[in-house]
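**Q** To start, I am sharing the structure in question, which I have written as structure tokens.
The values are calculated or read from the model by the stated rules, or taken from the named source; none is laboratory data. None of the values given here were measured: they were computed from a predicted structure. Every residue, glycine as well, gets a Cβ built from its backbone with ideal geometry; the counts of neighbours run over all protein chains shown.
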Amino acid sequence: MAERLTIGEFSRITHLSIRALRRYHGQDLLVPAEVDPATGYRHYSLAQVRPALTIRRFRDLDLPLADLRRFLEAESAGEGEAGHPAAQRVVAAHLRRLEDRLGRTQRAVEALRELLTPEAERAVSLEVLPPQRVLAVSLDVPHGADLSWYDAAMRDLDAVAGRRPVLPPGGRYAHQLFTEGHGRAIVYLPAEVPLPQGAPATVRELHLPERTAAVATHAGPHDDLDLTYGAVGSFVAQNGLRSQDLVEEVYLVGPRDTDRPDRWRTLIAWLIAPGTGRSTDDATTATGTRLPDAASPTA
């Protein structure tokens, strides 16, 4: 077989359409080995078969054009050490993105199956949460903020707590934070020791009083946390309970504890206004061990 292949011959060998080959050329992804200056006819070499098929696979996997160009440039650097590690980094980063997308898709499918199963219900109970002494960071989360505000608050709290053993961290969030995308938040760490000297100015001591809440424990990653919120909120509405417009999330097990999202456990406590819940004799009293941890809330 000749080394010099017309675009039609190259198309038959690679199963890439002539239109796709022209597009790859226009995008500077696969430039023909030769282009006749008089006719404009494209000719390819056999050495370009493998790169052409590689490009097709990457495009099938939605690798961004900029990343694909970086990969091809690194590969074209040759067999030396300078090229291949850079190409491998591009591939590794995209594979992580694909795995993350696949995980989100799988969790969305599981959530949808639950929603389409009428008998599937998440357990909710009315509980009395005990008073707690905590170290806390209070802030107003602006509209459109990412979760960096939570990470910054936890860094300040960790700096104060040091390596002392503490109960899992938590947060108190105004419902407005979820419904409007901005609002008041308090991030806290339970602690029995006073605030030490030299603590960050953002950290203060706070006493959480005994409070009644509709409570459910969310198992797994936070992608479907809305299902647990839906169950807790429905419980409040069905029982005619009056909300304090506050919810507590306590991160029993989270990213601070394990990199296995399936093992995460998040306590969701929808706080009820005093005097509107059942008597404490009818409620389940929560103990300190029921209270939670994760590196960031779902705001």
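**Q** Do we have residue 191 as among the aliphatic types (A, V, I, L, M), surrounded by 18 or more Cβ atoms within 10 Å (Cβ to Cβ), modelled with pLDDT under 90 and over 19 Å from residue 274 (Cβ atoms) here? Explain how you work it out, then say what you get.
**A** Values: among the aliphatic types (A, V, I, L, M): yes; surrounded by 18 or more Cβ atoms within 10 Å (Cβ to Cβ): yes; modelled with pLDDT under 90: yes; over 19 Å from residue 274 (Cβ atoms): yes.
Yes.
**Q** Would you confirm, using the coordinates I've provided, whether residue 74 is at pLDDT below 85, more than 26 Å from the chain's Cα centre (by Cα) and outside the structural domain of residue 154 (by TED's automatic domain parsing)?
**A** Values: at pLDDT below 85: yes; more than 26 Å from the chain's Cα centre (by Cα): yes; outside the structural domain of residue 154 (by TED's automatic domain parsing): yes.
Against the criterion (at pLDDT below 85, more than 26 Å from the chain's Cα centre (by Cα) and outside the structural domain of residue 154 (by TED's automatic domain parsing)), residue 74 qualifies.
**Q** Separate question: If you check residue 198 against the conditions, is it in the same structural domain as residue 252 (by TED's automatic domain parsing) and on the phi > 0 side of the Ramachandran plot? Can you show your working first?
**A** Numbers: in the same structural domain as residue 252 (by TED's automatic domain parsing): yes; on the phi > 0 side of the Ramachandran plot: yes.
The answer is yes for residue 198.
A quick yes/no check of all residues on (1) farther than 30 Å from residue 266 by Cβ; (2) in a loop (DSSP other than H, G, I, E, B); (3) modelled with pLDDT of 85 or more:
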position: 69; (1), (2), (3): yes, no, yes
position: 82; (1), (2), (3): yes, yes, no
position: 96; (1), (2), (3): no, no, yes
position: 117; (1), (2), (3): no, yes, no
position: 126; (1), (2), (3): no, no, yes
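**Q** Among the residues of region 167-176, what is the count of those that are buried (at least 20 other Cβ atoms within 10 Å of the Cβ) and within 18 Å of residue 138 (Cβ to Cβ)?
**A** Residues flagged as buried (at least 20 other Cβ atoms within 10 Å of the Cβ) and within 18 Å of residue 138 (Cβ to Cβ) within region 167-176 amount to 5.
**Q** Quick one: which of 20, 93, 52, 74 is touching a residue at least 12 places away in the same chain (Cβ under 8 Å), of a type in the set (Gly, Ala, Ser) and closer than 30 Å to residue 223 by Cα? Walk me through how you get there before you give the answer.
**A** Values: 20 fails: closer than 30 Å to residue 223 by Cα; 52 fails: closer than 30 Å to residue 223 by Cα; 74 fails: closer than 30 Å to residue 223 by Cα.
It is 93.
**Q** Hey, could you check region 200-224 for residues that are in a loop (DSSP other than H, G, I, E, B) and not hydrophobic (A, V, I, L, M, F, W, C) and say which is surrounded by the fewest Cβ atoms within 10 Å (Cβ to Cβ)? First the steps, then the outcome.
**A** Keep residues of region 200-224 that are in a loop (DSSP other than H, G, I, E, B), which gives 200-202, 209-210, 220-221.
This time we only want the ones that are not hydrophobic (A, V, I, L, M, F, W, C), so: 200, 202, 209-210, 220-221.
Numbers: 200: 15, 202: 17, 209: 9, 210: 12, 220: 17, 221: 20.
Looking at residues that are in a loop (DSSP other than H, G, I, E, B) and not hydrophobic (A, V, I, L, M, F, W, C), I get 209.
**Q** Starting from region 27-46, keep only residues that are without any contact (Cβ under 8 Å) to a residue 12 or more places away in the chain, then list their pairs with residues that are assigned to a loop (DSSP other than H, G, I, E, B) whose Cβ atoms are within a distance under 9 Å, requiring at least 6 positions of separation or different chains.
**A** Note: pairs meeting the criteria are 35/41.
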